[in-house]
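Enquirer: Quick one: structure below, then a few questions.
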Amino acid sequence: MATLSLKVNGKKYEVNLDPSTPVLWVLRDHLNLIGTKYGCGVSSCGACTIHLNGRALKSCQLPVSAVGMQEITTIEGIVSEVEELHPVQKAWLELDVAQCGYCQTGQIMAAVALLKTKPNPTEEEIEAAMTGNICRCGTYLRIKAAIQLAAKTSSK
């Protein structure tokens with residue numbers, strides 16, 4: 001056990017745990033940030049996607065000791081205090097993307113990271129960025145359309 005300091009959604013936390021604990025379980029079990037989901041546990045499905053310094057990463061295999069004081073952002077932290085929803089979340093709702101919804105946190109986190117680096121992505125760039133996120137319901141066409149809508153509405 002060790003006491004580790006973390007920066008999550010702009011707040012500093014101290015947690016006492018095994019340094020090999022995956023970030024996913026630190027978020028869910030120690031910080032009660034349950035928006036990040038457990039899917040496969042082997043970094044294949046993308047349900048556990050978070051941002052580390054703005055970059056989309058899967059958290060189920062990322063040991064908390066590897067993070068240090070880098071900035072972790074979860075689905076709970078993607079909106080500013082003045083916004084109700086992120087433009088990607090608004091597009092998701094407008095196009096009724098989710099079916100079961102389980103993978104959507106990871107999908108949204110990957111889409112937000114994409115639009116930060118490429119505000120006007122091509123279809124190929126969207127497909128490449130979203131490749132690591134699996135949707136068992138098969139809503140890929142709506143996901144792509146929602147990212148395109150978010151890009152359009154964000155650039156206005």
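Enquirer: Output the residue which, of all residues in the stretch 1-30 that are part of a loop (DSSP other than H, G, I, E, B) and free of Cβ contacts under 8 Å to residues at least 24 places away in the same chain, is farthest from residue 110 (Cα to Cα).
Expert: 1
Enquirer: Suppose the filter is of a type outside the set (Asp, Glu), open to solvent by less than 40 Å² (accessible area, probe 1.4 Å) and over 22 Å from residue 29 (Cα atoms); does residue 91 pass it?
Expert: yes
Enquirer: Might you let me know whether the stretch 19-27 holds any residue that is open to solvent by 30 Å² or more (accessible area, probe 1.4 Å) and closer than 23 Å to residue 116 by Cα?
Expert: Scanning the stretch 19-27, I find no residue that is open to solvent by 30 Å² or more (accessible area, probe 1.4 Å) and closer than 23 Å to residue 116 by Cα, so the answer is no.
Enquirer: Where in the stretch 96-156 are there helices (runs of 4 or more DSSP H), lying wholly inside it, with at least 2 residues that are without any contact (Cβ under 8 Å) to a residue 12 or more places away in the chain, small (Gly, Ala, Ser) and closer than 13 Å to residue 86 by Cβ?
Expert: In the stretch 96-156, no matching helices (runs of 4 or more DSSP H) lie anywhere.
Enquirer: Please go through (1) surrounded by 21 or more Cβ atoms within 10 Å (Cβ to Cβ); (2) more than 17 Å from residue 112 (Cα to Cα) for residue 40 and return the number of the only condition it doesn't satisfy.
Expert: All conditions pass for residue 40, except number (1).
Enquirer: Also, I was wondering about something else. Return a yes/no flag: does the stretch 19-27 have any residue that is of a type outside the set (Lys, Arg) and closer than 24 Å to residue 144 by Cβ.
Expert: No, the stretch 19-27 has no match at all.
Enquirer: Across the stretch 43-64, what is the total count of residues that are at pLDDT 95 or above, open to solvent by 50 Å² or more (accessible area, probe 1.4 Å) and not in a strand (DSSP E or B)?
Expert: Qualifying residue count for the region: 2.
The values are calculated or read from the model by the stated rules, or taken from the named source; none is laboratory data. All values reported here derive from a predicted model rather than from experimental measurement. All Cβ positions, even for glycine, are placed from backbone atoms using ideal geometry, and neighbour counts span all protein chains on display. The area values use the complete protein model at the heavy-atom level, side chains included, leaving out ligands, DNA and RNA. Shrake-Rupley method; radii C 1.70, N 1.55, O 1.52, S 1.80 Å.
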